[in-house]
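Peer 1: Could you have a look at this structure, given as structure tokens, before my questions?
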Amino acid sequence: AGGGMMSGIGGMLVSGMAMGTGSALGHRAVDAVLGSRHPEPAAATEAAQQLVAEKAPCSEQAKAFADCMSWASGDMGACQQYFDAMQQCRLNRSNLGGNPSQLLPSELVDRCIGSRIWILLRGDKEIVGTLKGFDVYVNMVLEDVIEYEITPEGKQETRLSQILLNGNNIALLVPGGKPEGVV
């Protein structure tokens with residue numbers, strides 16, 4: 001019936017796609033694993049990065065991280081310092097305060113970076129993991145993940161060190177991880 005959520009992307013390990021990097025980094029990460037989906041991905045990625053640099057907070061850090069991921073062919077270990085700088089910039093911006101009721105949904109998700117979250121997916125799957133980053137399409141990078149799947153044989157649990165979750169599959173996000181006692 002399928003190899004779980006990771007079978008489609010072959011166990012890709014990426015540790016960063018924060019909102020500030022936009023979809024260019026997400027596309028680059030997927031292209032690095034699955035191969036290019038466009039005749040000229042470099043030109044498309046460059047154009048998208050330019051838009052990010054013009055509009056997004058922490059754009060310099062986001063661009064440095066995206067450039068490193070490009071040069072390092074998606075090797076997160078080689079780009080960790082750039083990712084950390086981008087996340088620190090975003091954390092500094094989120095610590096400036098603000099009334100949560102006046103924040104956009106993406107800003108609320110941004111405040112969950114580094115925290116455990118419980119994600120209900122479309123279908124019969126749930127994910128619990130530590131949010132490391134996300135992009136404007138709410139594609140998420142999660143670490144220390146537990147995937148729960150309801151099958152005819154019962155509930156199956158799969159542990160994964162790191163995943164890239166497609167935002168289109170998300171039905172509900174709950175900060176704080178899965179509550180105890182919830183089946």
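Peer 1: Can you flag which of K132/K155; K155/K178; K125/K178 are past 22 Å Cα-Cα?
Peer 2: On the way: K132/K155 26 Å; K155/K178 15 Å; K125/K178 13 Å.
Exceeds cut-off: K132/K155.
Peer 1: At a 10 Å Cβ-Cβ cut-off, how would you order L108, L173, fewest neighbours first?
Peer 2: L108, L173
Peer 1: On a full-extension model of 0.36 nm per residue, what is the gain between A85 and Q156, subtracting their alpha-carbon distance, rounded to one decimal in nm? Don't skip to the end; give the middle numbers.
Peer 2: Values: separation 71, 0.36 × 71 = 25.56 nm, distance 3.71 nm.
Working it through step by step, the gained length comes to 21.8 nm.
Peer 1: Please order C58, C112 by the number of other Cβ within 10 Å, starting at the fewest.
Peer 2: Details: C58 22, C112 17.
Least crowded to most crowded, the residues run C112, C58.
Every read-out reported here was derived from the displayed coordinates using simple, explicitly stated rules and does not represent laboratory data. What you are looking at is a predicted structure, and each value in this text was computed from that prediction instead of being measured. Using ideal geometry, Cβ is built from the backbone for each residue, glycine included, and neighbour counts are taken over all protein chains shown.
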